[in-house]
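The values are calculated or read from the model by the stated rules, or taken from the named source; none is laboratory data. Everything numeric in this text was worked out from a predicted model, so none of it was measured. Note: ideal-geometry Cβ built from the backbone for every residue, glycine included; neighbour counts use all protein chains shown.
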């Protein structure tokens, strides 16, 4: 199957950070934490598809996000931690070249993703705990990130929006 087949069969929609998504699970259990403005589901999960011509732009969540590889080519998850240290995690199944089938993005980290293989895609699952809510989602601009982390200019210019497009919708 190609990317468009997955998008169609999973009834995916465009995501504001880039790529395509479809919510797959929502925990019926709720949790309240000081870091969140209101009660959240214990966890939520989505399918997320990124094509090689797409970029998942730099964003930040108030919850941990665990990524699982499903299909296609490896995806690189680019992460800036709270101190501004950069690391690239390869999510895929080729363990011999350093890919891993699961990658954790810690809450508060700034992250985005890319598919490096030309004319390809990656289908992953993303589980967020406490559950995802757009109230806890922040897209970040190049100017603010360059001011905070001037040593990370190359990756910031590649993955951060200069101007945030459109409006956000629930996932």
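Some observations on this one:
- Residue-level check: of (1) touching a helix residue (DSSP H, G or I) at 6+ places or on another chain (Cβ under 9 Å); (2) under 24 Å from residue 148 (Cβ atoms); (3) modelled with pLDDT under 95; (4) crowded, with 17+ Cβ neighbours inside 10 Å, residue 40 misses just (2).
- The residue list 79, 7, 95 contains one member that is farther than 20 Å from residue 129 by Cβ and touching a strand residue (DSSP E or B) at 6+ places or on another chain (Cβ under 6 Å), which is 7.
- Any hit, region 14-31, residues being under 24 Å from residue 146 (Cα atoms), over 12 Å from the mean Cα position of the chain (by Cα) and surrounded by 20 or more Cβ atoms within 10 Å (Cβ to Cβ): no
- Condition check for residue 163: surrounded by fewer than 16 Cβ atoms within 10 Å (Cβ to Cβ), at pLDDT 90 or above and farther than 14 Å from residue 56 by Cβ: no
- Screening the candidates 4, 89 for the property of being free of Cβ contacts under 8 Å to residues at least 24 places away in the same chain, buried (at least 18 other Cβ atoms within 10 Å of the Cβ) and either farther than 20 Å from residue 165 by Cα or over 11 Å from the mean Cα position of the chain (by Cα) (or both) yields one hit, 89.
- Selection count where residues are in contact (Cβ under 8 Å) with a residue 60 or more places away in the chain and either more than 20 Å from residue 106 (Cβ to Cβ) or surrounded by 14 or more Cβ atoms within 10 Å (Cβ to Cβ) (or both), scope region 135-150: 6
- Residue 64 vs. criteria at positive phi and in contact with a strand residue (DSSP E or B) (Cβ under 8 Å, 6 or more places away or on another chain): no
- Every residue from region 58-86 that is closer than 16 Å to residue 145 by Cα, touching a helix residue (DSSP H, G or I) at 6+ places or on another chain (Cβ under 8 Å) and either surrounded by fewer than 16 Cβ atoms within 10 Å (Cβ to Cβ) or at pLDDT 95 or above (or both): 58, 78, 80, 84, 86
- Region 101-134, subset without any contact (Cβ under 8 Å) to a residue 40 or more places away in the chain and not in a loop (DSSP other than H, G, I, E, B), residue surrounded by the most Cβ atoms within 10 Å (Cβ to Cβ): 103
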